[in-house]
Each structure stands twice: as structure tokens, then as C-alpha cells.
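*Asks:* To start, I am sharing the structure in question, which I have written as C-alpha cells.
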Amino acid sequence: MSTASVPLPNWINYGLIPILNLIVAFLISGLVVWFIGESPLDALVLLLQGALGSGEGIGFTLYYATSFIFTGLSVAVAIHAGLFNIGSEGQAYVGGLGCALVALALDRYVPWYVTMPFAVIGAAIFGALWALIPAWLQAKRGSHVVITTIMFNFIASAMMNFLLVHVLIVPGKMAPETRTFLAGGQLPKLDWLMSIFGSTIGAAPLNVSFLIALVMCFLVWVLVWRTKLGYEMRTLGLSPTAAVYAGIPYARTVVIAMLISGGLAGMMSLNPVMGASARLQVEFVLGAGFVGIAVSLMGRNHPFGIILAAILFGILYQGGDALSFDMPNITRDMIVVIQGLVILFAGALEYMFRPALGRIYQSFART
């Protein structure tokens, strides 16, 4: 048996390997910062202070993390079924349409807590429907879901641009966006959450969708590890041949897994559409669907790990903004490089240390 396939305990798989990957990513990022003439240690301190040094910074960090939790869960559910859903970006975009239509229809008549459950359902349904065709093509025609979901990202972008420019735009305005939702269509901020710790979130748009994201984490855990459907999905992900031999319906399981995945991605839109801007705008997803891939991989496709990984990327986003402001030599492009290195080591190179750790573990196991 090769060392790459040696079964390792969970504390290595889910703890040590991600930490090592993260350390290497930050070390290389530190070298990049050093090459441009800045202190890596000072940059790290400024990044952490910007993300966690104030109530407002924490609020922005958790706001970004909320979007990444939804898209990370979306990717994870598909992966458990052996599917690589690259379409969370487009599914979140279309989910925003469902969310906005509900808010536009109800915000004049009911309070936010009545609008919210319908908006959750609307966003989930629209996101799921956008995943349905790639799911059907994978299940019935053998079209690879990676290719079809990538294509559907571009189709979603073009469709949403058309709708915002020609259909949903406010008459007489130049900006391609809907009208601002009234109070009945806006998710309240979580000021009370920070006030518990004697702080305030200031201008940070942290809102109720953060709590919805945590609830979804629990429900995904129940689904994947405590239900018959979750067992069927995990079996299909491990071995499609064995799953079909055991009587698990391949096409049905693929379609259901992708519908759930798309629905979770669509729910991401609650955060920016009803929470931050209170209107539907162009490109509000801002790459969260693609970041969700790295969040899922770094979190080992487990809801708790996804929460931690999403907070890490929230720190990188918020702390990166503060860092580029305090250290002008470190531009926004440099922050993207650092984020890219984390994604590289957490995703493409996540098993880089596995062979060496496997050999070390085997040597200690024999003694």
C-alpha cells in the first residue's frame, strides 16, 4: 500500500494537514510581501487587526463568511455525491432573483420576519432550478457536471444582466438594479450579537442571514450523516458502481443532490441582496461561488470545517482591505495573490504532505 493511500486518523486528516497547508501558504505569502519591501510580520498584524481588531471588523469578517458558508455547503453536498458543482456562482446569482422577487412583492405589506421564510424558499427554489438542467444532463446523458455548470455560470450572468437592465430596473434610473426594498424586505443587522460582547458592528452589514447559514450547517450535517438519502449520496460518491449494485438509484440521487446543492448556493443571495444592499444589483455574488470550492475543500466537506474555513476567508477579505489601506505597497491584487495561495494549498495541493505524514505515522504505529 502506498503512503498516499494509508488511512490516517481524523486528527491528521482534518486537523494537521489543513493547518500545514495554511502555514505553508502564509509563509510563501510572507516571502511575496518581503520581496516588495514590506515586513511580513507587520502585514500579518495589520491583517488580523483589520479583521478581528474591532467590532466593525469582526462584523465585516462574519458578513463575508456568511456568503462563503452557503457556497461551501453547496459544493460539499455535491462532492459527497461524487459531483463537482462548479456552478454555485451562477446558482447564487439566479437565487438572488428569487429572493428579490419575494422581497419586492411582500415588503410593502408584511414585516421582515414574514418575508424572510418566503425569501429563503424563493432563493433556494431558483438556485435549485438553475442546477436542475446540469443535474439531468449528468444523470441521463452523461454530460460532465463540471462543464455544464461552468457554462451555466455564464448563462446566468448574461440572463441576470438582461433582466436588470431591461426588466427590473427602476424607470428613469441609469443604475441596473431594482428599487430599494422597504423595511419589510430587509434583513435586520445583528447589532445585538456584538453588544453581548460590549462592542458594536458599526457600518458592517452583518445580518440575520448569518444565523440562517449556521442553521443550514446543522441541517446539512443531519442530511449527510443521519438520513437514508445522505447515506445514499455518500455511497454514490465513494463508488457509483457499488451504489448501483446495492440498489441505489443513480439518476434520482444525482438530481436530488444537485438540487440541494443549487438551493444552498441560491440562499447565499439572502446575505447581499436582502441583508447588505436591500436591492438586487449586477454581480452581487462577487466570486463567492468560486471561493466556496476552496472553503469546502479546506473544511473537508464537513459543515463545522466549512464554518472555520469560511471565517478564515472572511478574515482574508476584510483584513486584506485594511492591509491594502495601511500598506499601500500591498495592493488589492497582492491580496488576491495571497488568497490564491491559500486556495492553491488548501485545494489543489491539499494532499502534498500526506505521503510524508503517512510514512511518519506508519513508523510510529509499528513501534
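The values are calculated or read from the model by the stated rules, or taken from the named source; none is laboratory data. Worth saying up front: this structure is predicted, and the values here are computed from it rather than measured. We place every Cβ from the backbone using ideal geometry, glycine too, and count neighbours over all the protein chains shown. Accessible surface is based on the protein model in full, side chains and every heavy atom, while ligands, DNA and RNA are left aside. Shrake-Rupley method; radii C 1.70, N 1.55, O 1.52, S 1.80 Å.
*Asks:* Just checking, how many residues over the range 114-138 are farther than 15 Å from residue 268 by Cβ, in contact (Cβ under 8 Å) with a residue 40 or more places away in the chain and surrounded by fewer than 21 Cβ atoms within 10 Å (Cβ to Cβ)?
*Replies:* Result for the range 114-138: 4.
*Asks:* Which of the residues belonging to the range 278-317 are without any contact (Cβ under 8 Å) to a residue 60 or more places away in the chain and among the hydroxyl-bearing types (Ser, Thr, Tyr)?
*Replies:* Answer for the range 278-317, where residues must be without any contact (Cβ under 8 Å) to a residue 60 or more places away in the chain and among the hydroxyl-bearing types (Ser, Thr, Tyr): there is none.
*Asks:* Next question, about the same structure. Would you say residue 336 is surrounded by 15 or more Cβ atoms within 10 Å (Cβ to Cβ) and not basic (Lys, Arg)?
*Replies:* On the way: surrounded by 15 or more Cβ atoms within 10 Å (Cβ to Cβ): no; not basic (Lys, Arg): yes.
The answer is no for residue 336.
*Asks:* Name the single residue that is farthest from residue 146 (Cα to Cα) among those in the range 239-269 being of a type in the set (S, T, N, Q) and buried (at least 20 other Cβ atoms within 10 Å of the Cβ).
*Replies:* Going through the range 239-269, the residues of a type in the set (S, T, N, Q) turn out to be 239, 241, 253, 261, 269.
Right, trim to buried (at least 20 other Cβ atoms within 10 Å of the Cβ) and you get 253, 261, 269.
Working: 253: 17, 261: 13, 269: 22 Å.
Filtering the range 239-269 for residues that are of a type in the set (S, T, N, Q) and buried (at least 20 other Cβ atoms within 10 Å of the Cβ), the one farthest from residue 146 (Cα to Cα) comes out as 269.
*Asks:* Could I ask something else about it? Residue 175: out of contact with any Leu (no Cβ under 8 Å at 6 or more places or on another chain), open to solvent by less than 60 Å² (accessible area, probe 1.4 Å), within 22 Å of residue 271 (Cα to Cα) and not in a helix (DSSP H, G or I), yes or no?
*Replies:* Numbers: out of contact with any Leu (no Cβ under 8 Å at 6 or more places or on another chain): yes; open to solvent by less than 60 Å² (accessible area, probe 1.4 Å): yes; within 22 Å of residue 271 (Cα to Cα): yes; not in a helix (DSSP H, G or I): yes.
The answer is yes for residue 175.
*Asks:* Return the residues of the range 279-303 that are surrounded by fewer than 22 Cβ atoms within 10 Å (Cβ to Cβ) and either farther than 30 Å from residue 13 by Cα or modelled with pLDDT of 95 or more (or both); say none if nothing qualifies.
*Replies:* Passing the criteria: 281, 282, 283, 286.
*Asks:* Within the range 68-82, can you find the residues that are open to solvent by 10 Å² or more (accessible area, probe 1.4 Å) and either closer than 28 Å to residue 200 by Cβ or among the aliphatic types (A, V, I, L, M) (or both)?
*Replies:* First, pick out the residues of the range 68-82 that are open to solvent by 10 Å² or more (accessible area, probe 1.4 Å): 79-80, 82.
Selection gives 79 alone.
*Asks:* Is there a residue in the range 89-103 that is over 25 Å from residue 211 (Cβ atoms) and in contact (Cβ under 8 Å) with a residue 60 or more places away in the chain? Full working, then the answer.
*Replies:* The initial filter retains those residues of the range 89-103 that are over 25 Å from residue 211 (Cβ atoms), namely 90.
Then drop every residue that is not in contact (Cβ under 8 Å) with a residue 60 or more places away in the chain, which leaves 90.
Yes, some residue in the range 89-103 is over 25 Å from residue 211 (Cβ atoms) and in contact (Cβ under 8 Å) with a residue 60 or more places away in the chain.
*Asks:* Looking at 221, 225, 192, which is the one that is open to solvent by 40 Å² or more (accessible area, probe 1.4 Å) and more than 23 Å from the chain's Cα centre (by Cα)?
*Replies:* Numbers: 221 fails: more than 23 Å from the chain's Cα centre (by Cα); 225 fails: more than 23 Å from the chain's Cα centre (by Cα).
Testing whether each residue is open to solvent by 40 Å² or more (accessible area, probe 1.4 Å) and more than 23 Å from the chain's Cα centre (by Cα) leaves just 192.
*Asks:* Residues of the range 84-101 being open to solvent by 10 Å² or more (accessible area, probe 1.4 Å) and either small (Gly, Ala, Ser) or outside any helix (DSSP H, G or I) (or both), which ones?
*Replies:* 84, 86, listed by residue number.
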